[in-house]
Amino acid sequence: MTSVKEISERLASQAPAVVAKLLPGGKAMNGREWVCGDVTGAPGESLKVTIFGTFSGQWRDWSTDDHGDLIDLWRITQDITQAEAIKQAKAWLGIVDPIQAKEPKIYAKPKASALIPLKPNGRSVQYLTGERKLSLAVVEALKIEADQKRQAIIFPSYSPGGELINRSFRTLGEDKKVWQEKDCAPSMFGWQALPQEAYTKRTILLSEGQIDCASWLQWGIPALSIPNGTGCAWIEYEWDNLAVFDTFYLAFDQDEAGRKITETVCERLGKHRCMIVALPKKDANECLMAGFTAEDAQSWIAGAKTPRVKKLVTAKEIAERLRAEARPKLEAFTLPFFAGNWPYSGFYFRPGEVTIWGGHSHAGKSTMLNFMKSVLLSNEIRTFEASYEMKIETSMFRLGKIFMGESINEDNAVSFAEQLGEHLVMADVVGSQTQDELFEMMWFAYRRYGCAHYVIDSLMRIQALEENYPAQGEFTNRLQDFVKQTDTHVHLVCHLAKAGKNTERPSMYDVKGSSLIVNGVDNILLVTRNPEKEKLRKSNKLTDEQDKTMHDCEVIVEKQRATGWLNTFRLRFNPYRYTYSKA
């Protein structure tokens, strides 16, 4: 449904044409106003309409103090209802709502019958004013009647223009029965008692029952009731009449059926236009009978909440999260030679982030990650690994060499594995794996073992990703969802697009695959061998002294979203222990 606010704004953007149509007897003044004597367009300068600038579309008749926007002016000048004014304005603007495009259904008119007004001391009045605590003034304003023959209260539904559209019946006996006139329109109840305030403020409360509607009116809050039942045919029937409101307060029953109706109505009328009212009891009339006052009702309106849209929040709703974010953070995990002046310099593996590890073939990515795992495990940080390029026992043996060097053997291998225990969790997969299988493992490792770091080696071992760039982006998004929900860190190994040589320095733009990968992660580290040392080695010119003094590899910080700090770390590699140290 196009909101009345949007219609008003669109009319205001074409204000000169609108006023020329509605007040053809007027004239332009000062290039910013359209003036005439009154809403009939008579000569004079009492009525002024702003047609340019910030307040375009606003008008006031200084002789009567009537004022409003161009929808109000349309209604008054054409002497029609607010709903009809909006309908005509939409047609003039070329706005067609989908529901308006449907062929209107023809409904029957209520049957003529011998109905009588309620007797002041009659049984119906006693029930409504006694048991239900409604005032006689509200009962009369709603034109509630009685059917003596069937011993029933009659709730008549009128159109905003005063035409009788339908009747709802409710018996007074213990065996309560409720029904409506047959084949009549599914109209709303309460238009006949709606104060002008509702149209002026363009705000209405919708309730789930005629007596609830009366209760809200008694508290001074303009309200309408939806018809009996949980269907929503009334939305289509009342579409044009409801178009006059910008805001709907939904105060349906505080039960499961009421919640379902609330969800449906929000979707149909537009979540951005709805506010959900929470009540301390099942419905408004129960609150009235319990002694709640108009002041209480106003507080419920003031406390109404906007419908939830998944993942959408306002600033005030995350106040406590902001407080937590503003607290000084404990220094995040990093390798000893990556540390700097936390949190401003250096490179850190922060919770809730994804890091790409890239590099040419045989540049040492997996070896570097294996060393990183040893540091994690030495600090008792639980780690998950999915390394698809080697058997997990081979990976474990290399890890053992870091801890014990050449002394690891079949005699102490079992004790080493038992020492690691459940701190290291591995995917026993060589070759490839589906996304869903991997994420099932990751979630289990998080929930069962409390793993904080996740190593995936490599992206191209995840099935159906290698040549599917959109799917690569979706996979990266799933990783981000995972780390944000768990406050963990994912290390993702990526290959480079070109084979290259170890003597070439890579960049983040060499990462193989979709640009969505490098754009969607938080950090990018590229591992490369020392280009100068490799050139000397290849040409057989590397001396023993140079081999001892020159660094073996470099880790290039190509991206670090949290701080923007970039640098290159030069490291020495111990081929016997598979360890790294600062050069």
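Rule-based calculations on the coordinates, nothing more; no lab input. Being a predicted model, the structure only gives us computed values, none of them experimental. A quick note on method: Cβ atoms are made from the backbone with ideal geometry, for glycine too, and the neighbour counts reach across all protein chains shown.
Some values worked out for this structure:
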read-out	value
Calculated [θ] (222 nm, deg cm²/dmol) that DSSP helices of n ≥ 4 give over the chain, each run adding -39,500 (n - 2.57)	-9000 deg cm²/dmol
Local electrostatic count, R350, Cβ distance below 15 Å [Lys/Arg +1, Asp/Glu -1]	0
Share antiparallel - DSSP beta bridges, the chain, percent rounded to 5	55
On Cα atoms only, tilt of 256-269 relative to the major axis of the chain in degrees	90
Angle in degrees between helix 82-93 and the longest Cα principal axis of the chain, rounded to the nearest 10	60
Cα-based shape type of the range 404-535, given that a ≥ b ≥ c are square roots of the gyration tensor eigenvalues and the cut on a/c is 1.5	oblate
Candidates per trypsin sites (Lys or Arg not before Pro) in the range 517-565, loop by DSSP, up to 16 other Cβ within 10 Å	K541, R561
Burial order of peptide ranges 76-88, 407-419 (average beta-carbon count within 10 Å, highest first)	76-88, 407-419
Protection-proxy order for peptides 464-473, 267-276, each taking the mean of Cβ atoms within 10 Å per residue, highest first	267-276, 464-473
Between the range 367-427 and the range 509-582, the Cα center-to-center distance that results, in Å	23
Label selected from (i) 31.2; (ii) 41.3; (iii) 38.0, the criterion being mean projected area of the Cα convex hull in nm² as computed here	(ii)
The range 4-96: relative contact order as a whole-number percent, Cα under 8 Å and 6+ apart	24
Cα long-axis angle, helix 392-404 against the chain (0 to 90 degrees, to the nearest 10)	60
Loop sites in the range 510-582: chymotrypsin sites (Phe, Trp or Tyr not before Pro), DSSP, at most 16 other Cβ within 10 Å	W565, Y576
